[in-house]
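Reading through the structure tokens given below for one structure.
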Amino acid sequence: MTTEPRSDTAATGPLRLQYAALSDVGRIRKDNQDSGYAGPWLLAVCDGVGGAARGDLASATAVSQLRKIDQPPEAELLALVAGALHRAHDRISELVDEDPSLNGTSTTATVALFDGSQVGVGHVGDSRAYLFRDGTISQLTKDHTFVQSLIDEGRITEEESRTHPHRNLILRALDGVHDTEPDLFTVEVAVGDRLLLCSDGASGVLDDSRIGDILATGTPDYAAVELVRASLEAGSSDNVTCVVADVVDTAADPDDELVPLLVGSAAELPRRASGVGPTGGGLFRGHRSGDTGELEPVAAELPDDVPFAIASDPIDPEEARYAPRPPRRFVWLKRLLVGVVLLGIVWIGAAAAWSWSQEQYYVSEQDGQVTIFRGLNADLPGVELSRPYEATNVELARLSEFQASKVRDGIDATSLADARRTVENLASLQVDEPDETTEPTEPTDEPTDESTSDG
Ligand code: MN
């Protein structure tokens, strides 16, 4: 990577980029999982996702792949961008293969490759690219987020999306698993244009007009610092990364050095690994290759207005940030349906039990007469489990005490016919006067199809 202005700039276009990049861990998170890059031809912001699964590795890996195309483009811009994004995806896939504990790591990627007259933009996730032109800001990329899909459907407003409980949820990312198709498009640029690439740590708390106000001021360096500062002051609890680039004439500031800038975890990981450089603890520290990286130390204490729940943060929201599928909608409706289905099952079960119970018969007594009962010979307070079905002319008084007591307790039958056989048997055991008939009398209760009635 050259550190001198390229002499061949004019060969590919009359313009060049003047850029700055800054990444800050923010006031709450322990580590910076954002990575950013700015070079003469390439701008990139990657926001690592995955919490414990090391989103910092994913974003740093992506940037280390992407930066390889930071050179005068010799092929179609979007083909180069798409190829670099695919290689980043493949490299993340290799990382996870080598170390399964990294499973779940992923990163957003928003890149702009410059060819001297236009930029080819590649985009996956919710980092953003903006164009500031003639005092007007426009968002070039569209978030691959759940809330953006709700905005598209007209369900919520842009304003509401900023406080939506699922505002952090992204639907696409470079995860080394799903073959994500990035958004790809080109934008013509002109002298005076200013490009901004940033992570959601900035765009999530600063609206377009605020970002536009800041981009309207100062150099790219100044704008980047102010954007990060404003994001933190606006209460961003996330890592914040901003890459700002001005499109300038090649003749402008010919002495301005074009040092590639690497920020965020892409810059910190190698330093941590080698034991050199900051090792965490500082807040609002920025890292740019070629300088000390220290910008403005801020008190290491958490701000007073940080809720304890966030400050202690036992569950890192980043871990649940990327979902290839959106969260379920109409939760209340699904709960209602589940409730109805459960009720249906209970009802069917009760109906079946009732139906079964109505095929049960036993022999007992009513008003001194041996009687066939339909239902269950059991006591359940408050519930009528059986009712007299057929009275007979067999009198309890004419049975032996032993038989009578058996009848009072109830003699189970396997069927109505079985119950009638029991009655015949009892009739034959009657004493005093011979029994003239054991035929059952008319049913006291006309059999009805109880199984369809509501139990
Ligand atoms: Mn973020």
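The values are calculated or read from the model by the stated rules, or taken from the named source; none is laboratory data. Since we're looking at a predicted model, the values are computed, not measured. Neighbour counts are summed over all protein chains in view; Cβ atoms, including those assigned to glycine, are modelled from backbone coordinates with ideal geometry. Surface areas here come from the heavy atoms of the whole protein model, side chains and all, with no ligands, DNA or RNA. Shrake-Rupley method; radii C 1.70, N 1.55, O 1.52, S 1.80 Å.
So is Leu380 under 60 Å from the mean Cα position of the chain (by Cα), assigned by TED's automatic domain parsing to the domain that holds Ala417 and surrounded by fewer than 16 Cβ atoms within 10 Å (Cβ to Cβ) or not?
Considered against the rule, which asks whether it is under 60 Å from the mean Cα position of the chain (by Cα), assigned by TED's automatic domain parsing to the domain that holds Ala417 and surrounded by fewer than 16 Cβ atoms within 10 Å (Cβ to Cβ), Leu380 comes out as yes.
Could you please find all residues in region 363-395 being among the aliphatic types (A, V, I, L, M) and more than 14 Å from Thr422 (Cβ to Cβ)?
Passing the criteria: Leu376, Ala378, Leu380, Val383, Leu385, Ala391.
Considering each residue of region 93-108, count those that are polar (S, T, N, Q), open to solvent by 10 Å² or more (accessible area, probe 1.4 Å) and in a loop (DSSP other than H, G, I, E, B), and give that number.
Number of matching residues: 1.
Quick check on this structure: which one of Ala190, Ala230, Ala251, Ala216 is of a type outside the set (D, E, K, R), over 15 Å from Arg128 (Cα atoms), open to solvent by 20 Å² or more (accessible area, probe 1.4 Å) and free of Cβ contacts under 8 Å to residues at least 40 places away in the same chain?
Going through Ala190, Ala230, Ala251, Ala216 in turn, the sole match is Ala251.
Here is a check on your reading of the model: is Ala413 surrounded by 16 or more Cβ atoms within 10 Å (Cβ to Cβ) and under 60 Å from the mean Cα position of the chain (by Cα)?
Against the criterion (surrounded by 16 or more Cβ atoms within 10 Å (Cβ to Cβ) and under 60 Å from the mean Cα position of the chain (by Cα)), Ala413 qualifies.
Taking region 20-42 on its own, how many of its residues are buried (at least 22 other Cβ atoms within 10 Å of the Cβ), hydrophobic (A, V, I, L, M, F, W, C) and within 15 Å of the ligand (Cβ to nearest atom)?
2
Is one or more of the residues making up region 63-85 in a helix (DSSP H, G or I), in the same structural domain as Asn168 (by TED's automatic domain parsing) and within 16 Å of the ligand (Cβ to nearest atom)?
yes
Any residue in region 123-134 that is acidic (Asp, Glu) sitting within a Cβ distance under 8 Å of a residue that is more than 16 Å from the ligand (Cβ to nearest atom) and open to solvent by 10 Å² or more (accessible area, probe 1.4 Å)? List the pairs, counting only those 6 or more apart or interchain.
Asp134/Gly192
Among the residues of region 322-340, is there at least one that is at pLDDT 60 or above and within 16 Å of the ligand (Cβ to nearest atom)?
yes
Would you point out which residue out of Thr110, Thr105 is within 15 Å of the ligand (Cβ to nearest atom), under 17 Å from Leu261 (Cβ atoms) and not hydrophobic (A, V, I, L, M, F, W, C)?
Thr110
Take region 152-187 and flag every residue that is touching a strand residue (DSSP E or B) at 6+ places or on another chain (Cβ under 9 Å) and free of Cβ contacts under 8 Å to residues at least 24 places away in the same chain.
Correct list: Ser161, Glu181.
Specify the residue that is most open to solvent (accessible area, probe 1.4 Å); the eligible residues are those in region 124-145 that are more than 12 Å from Ser203 (Cβ to Cβ) and within 15 Å of the ligand (Cβ to nearest atom).
His144
If you scan region 178-203, which residues turn out to be away from the ligand (no atom under 16 Å from the Cβ), at pLDDT 95 or above and under 30 Å from Asp56 (Cβ atoms)?
Hits for region 178-203 are Pro182, Asp183, Leu184, Phe185, Val187, Arg194, Leu195.
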